[in-house]
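The values are calculated or read from the model by the stated rules, or taken from the named source; none is laboratory data. Everything numeric here is computed off the predicted structure, so don't read it as measured data. Every residue, glycine as well, gets a Cβ built from its backbone with ideal geometry; the counts of neighbours run over all protein chains shown.
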Amino acid sequence: MLSSYRFRRFKDKIAYVLCLLCVIIAIIPLASIIFEVIARGAPQLSLHFLTANGLEGGIGPAIQGTLILIGLTSLIGVPIGIMSGVYLAEFGGNKYASVMRTINDILTEFPSIVVGITAFSIVVVGITGSFSPLAGAAALSFIMIPIVARTTEESLKLVPTSVREAALALGLHHWKTIIRVVLPAAGQGLVTGTLLAIARIAGETAPILLTIMGNTYFFQGFNQPMDALPLRVFLNSRQPSVAVQAQAWGAALVLILIVLTLNVCVRIASRRQFRK
Amino acid sequence: MGNSEKIKTEKLNAWFGQKQALRDINLSIRANVVTAIIGPSGCGKSTLIRTLNRMHELVPGAKVSGRVLLDGKNIYDDDVDPVQIRRRVGMVFQKPNPFPTMSIYDNVAAGLKLMDAKKGPALDEVVKKCLQQASLWDEVKDDLKKPGTSLSGGQQQRLCIARALAVNPEVILMDEPCSALDPIATAKIESLIRDLSKEYTVVIVTHNMQQASRVSDYTAFLYLGELIEYGLTKDIFENPKNALTEKYITGEFG
């Protein structure tokens with residue numbers, strides 16, 4: 001009797017230790033990456049490194065380019081994504097919507113290199129005639145829209161039907177109900193979804209590789225090649241010069257810091273939502 | 001007794017998908033009185049009042065046939081905009097549902113603000129008047145900027161009543177407005193319903209027979225989607241004509 005109890009306790013301990021081991025195994029690569037990037041990237045950080053152009057050994061153009069890409073992509077992706085999400089959540093009871101929902105889910109996990117090639121052949125070849133921020137933003141919004149649409153749909157569905165009914169019973173039109181009552185009620189969810197999508201596109205490399213090409217200098221115009229942080233990491237890490245490789249570590253650290261900051265913002269935004 | 005007819009239903013049928021919820025309801029609701037609709041769960045009480053302001057059709061798969069005459073005009077005619085009907089026939093729901101992102105003031109003002117872009121002192125007046133009518137003004141007059149959801153359940157329900165009054169409806173439909181409230185809050189809402197019937201036509205759904213006998217002038221008894229009996233509340237409770245009504249009133253089933 002007692003021995004079987006001990007045996008069960010022993011099995012319980014074994015299971016616990018196994019789970020703990022798995023967590024440690026999962027964390028080791030991530031922790032070592034972050035450690036390595038900080039160790040090699042931190043010595044690079046200086047005001048000069050962050051603000052000078054490529055010829056002077058800085059990554060200013062890459063930081064500027066990433067910010068421009070985030071802005072342009074959000075300008076295209078957030079309105080389209082939110083409106084798609086509104087359609088799926090508020091008018092999504094028909095078969096067209098369920099087809100769209102499936103396509104949207106596939107797009108969320110679409111190989112980003114294919115997105116890059118698509119934007120290359122349509123925007124770079126067909127419209128701007130050159131590698132350009134516009135082509136980069138087009139490719140990245142292709143990745144952003146499905147994410148924003150999905151999170152918008154999910155957060156709108158969390159708004160109780162009774163709230164919609166209250167507005168409709170007051171004699172408000174459906175569109176006014178959505179804009180003035182339902183969307184504000186889902187506000188925190190929309191912010192969270194948008195920030196997550198920005199964090200995702202800020203780190204994408206494959207689509208911008210084929211669309212903005214990289215540049216040693218600061219922003220040259222909407223139809224000229226531009227730099228961005230992930231691209232700078234990729235290009236510099238392939239160079240033989242140790243000094244140039246070191247810049248790649250610095251750029252990687254800056255990129256990680258940006259994505260990390262966005263994730264912290266997501267945490268804060270979603271925590272507010274749950275407090276309500 | 002001399003009150004005119006406000007709403008009249010003729011051969012009103014309603015469905016959810018294949019399931020029929022109302023069968024040939026012919027009911028004449030009088031102006032400026034309280035009409036209670038009673039009956040066991042699932043008998044179609046809520047469906048009936050939701051057909052009176054065209055809220056029923058918002059449920060996917062819901063259907064209506066027959067006529068609902070509001071002041072003699074069928075609200076299901078093709079030339080009628082349901083939005084206009086809902087302004088004339090307001091609604092208070094089972095669970096208090098203030099707009100979650102709006103202040104107490106904005107909740108009451110919502111209909112006028114979002115519809116007619118009304119603002120300023122005129123709007124302040126309406127908000128004050130409606131909160132007074134809903135006997136909530138004294139409790140919230142210093143906290144109008146606070147979120148509507150910060151109030152207690154009973155206060156929230158009175159806020160929802162004030163919100164419905166603000167668009168100046170002719171009829172107020174109430175779908176079990178006290179079922180989520182405690183006895184004290186319920187008593188407040190009941191006396192409020194009595195007051196409201198002086199200016200508005202009130203239709204209230206309730207599963208609480210005592211409540212129906214306390215607040216209403218007329219009572220309709222519904223069973224399995226059919227109107228079994230309708231008349232003065234006093235007659236229905238003291239001298240029901242139908243055996244089924246009597247069984248329900250005396251608590252033999254329900």
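Just checking: which of the helices (runs of 4 or more DSSP H) contained wholly in the range B:142-254 hold 3 or more residues that are among the hydrophobic types (A, V, I, L, M, F, W, C)?
Answer list for the range B:142-254: B:153-166, B:183-196, B:209-215, B:243-249.
List pairs: first residue in the range A:163-185 and within 7 Å of chain B (Cβ to nearest Cβ), second residue charged (D, E, K, R) anywhere in the structure, Cβ distance under 6 angstrom, at least six positions apart or on different chains.
Short answer, once both residue conditions are applied: A:169/B:86; A:171/B:86; A:171/B:87.
Determine, yes or no, whether residue A:157 is touching a residue at least 60 places away in the same chain (Cβ under 8 Å) and of a type in the set (Lys, Arg).
Considered against the rule, which asks whether it is touching a residue at least 60 places away in the same chain (Cβ under 8 Å) and of a type in the set (Lys, Arg), residue A:157 comes out as yes.
Residue-by-condition table, conditions (1) more than 14 Å from chain A (Cβ to nearest Cβ); (2) touching a residue at least 60 places away in the same chain (Cβ under 8 Å):
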position: B:29; (1), (2): yes, yes
position: B:33; (1), (2): yes, yes
position: B:40; (1), (2): yes, yes
position: B:51; (1), (2): no, no
position: B:54; (1), (2): no, no
position: B:57; (1), (2): no, no
position: B:61; (1), (2): no, no
position: B:64; (1), (2): yes, no
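Which is of a type in the set (D, E, K, R) and either in a loop (DSSP other than H, G, I, E, B) or within 18 Å of the chain's Cα centre (by Cα) (or both), of B:54, B:67?
Answer to the check: B:54.
Looking at A:236, A:215, which is the one that is crowded, with 19+ Cβ neighbours inside 10 Å, of a type in the set (S, T, N, Q), touching an Asp or Glu at 6+ places or on another chain (Cβ under 9 Å) and closer than 22 Å to residue A:131 by Cα?
Selected residue: A:215, the only one of A:236, A:215 that is crowded, with 19+ Cβ neighbours inside 10 Å, of a type in the set (S, T, N, Q), touching an Asp or Glu at 6+ places or on another chain (Cβ under 9 Å) and closer than 22 Å to residue A:131 by Cα.
Go through the range A:225-242 and count every residue that is closer than 30 Å to residue A:270 by Cα and in a helix (DSSP H, G or I).
The qualifying residues number 2.
I'm told residue A:28 meets every condition in (1) part of a helix (DSSP H, G or I); (2) under 23 Å from residue A:195 (Cβ atoms); (3) hydrophobic (A, V, I, L, M, F, W, C) except one. Can you identify the failing condition by its number?
The single condition residue A:28 does not satisfy is (2).
Residue by residue through the range A:44-62, note down the ones that are without any contact (Cβ under 8 Å) to a residue 40 or more places away in the chain, aliphatic (A, V, I, L, M) and either surrounded by 14 or more Cβ atoms within 10 Å (Cβ to Cβ) or touching a helix residue (DSSP H, G or I) at 6+ places or on another chain (Cβ under 9 Å) (or both).
Scanning the range A:44-62 gives a single hit, A:52.
Which numbered condition trips up residue A:260, out of (1) within 26 Å of residue A:47 (Cβ to Cβ); (2) in contact (Cβ under 8 Å) with a residue 60 or more places away in the chain?
(2)
State all residues of the range B:126-178 that are polar (S, T, N, Q) and either within 13 Å of residue B:97 (Cβ to Cβ) or touching a Ser or Thr at 6+ places or on another chain (Cβ under 7 Å) (or both); if no residue qualifies, say none.
B:149, B:156, B:157
Out of everything in the range B:108-137 that is at the interface with chain A (Cβ under 9 Å from one of its Cβ atoms) and under 14 Å from residue B:159 (Cβ atoms), what residue ends up being surrounded by the fewest Cβ atoms within 10 Å (Cβ to Cβ)?
B:110
Considering B:173, B:136, which residue is among the aliphatic types (A, V, I, L, M) and modelled with pLDDT under 95?
Just one listed residue meets the conditions, B:136.
Any chance you could count how many residues in the range B:73-97 are closer than 27 Å to residue B:185 by Cβ and within 8 Å of another protein chain (Cβ to nearest Cβ)?
Count: 6.
Filter the range A:113-134 for residues that are hydroxyl-bearing (Ser, Thr, Tyr) and surrounded by fewer than 21 Cβ atoms within 10 Å (Cβ to Cβ) and give the result.
Those that are hydroxyl-bearing (Ser, Thr, Tyr) and surrounded by fewer than 21 Cβ atoms within 10 Å (Cβ to Cβ): A:118, A:121, A:128, A:130.
Considering B:75, B:104, which residue is at pLDDT 95 or above, of a type in the set (Val, Ile, Thr) and closer than 25 Å to residue B:179 by Cα?
B:104
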